[in-house]
Amino acid sequence: MDKPDQFKTNMSIANPAGMDTDNPAAIGAGEDGLSSLAMESFTQNSFVNCFSCHDTQAVTDSNGNVILQAKKLNVSHIFSKFVVDSK
């Protein structure tokens, strides 16, 4: 997230289609270089970037039931996985 002032609840974090992460107007920038760090377990070729999945939208279970309302904390899969597993 290159512009923390734009980090809001219930948002999908994505640059407009065709916008490079090096563009100064990009919301998400630099995340392509993170795929080899220990915090990411694999390179995600099927998504535009890591924020395609790591967002602040509501977390749902496999049946579509909302288990966590939209929160900024939902960007962490560690927290949401803990909540899902505790249900």
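Values in this text are rule-based calculations from the coordinates and carry no lab data. Nothing here was measured: the structure is a model prediction, and the numbers come from that model. Backbone-built Cβ (ideal geometry, glycine too); neighbour counts: all protein chains shown.
Report the net charge of residues surrounding ASN10, where surrounding means a beta-carbon distance below 14 angstrom and charges are Lys +1, Arg +1, Asp -1, Glu -1. Around ASN10, the surrounding residues sum to +2.
Give the calculated FRET efficiency between LYS71 and ALA17 to the nearest 0.05, with a Förster radius of 25 Å applied to their Cβ-Cβ distance. E between LYS71 and ALA17, to the nearest 0.05, is 0.40.
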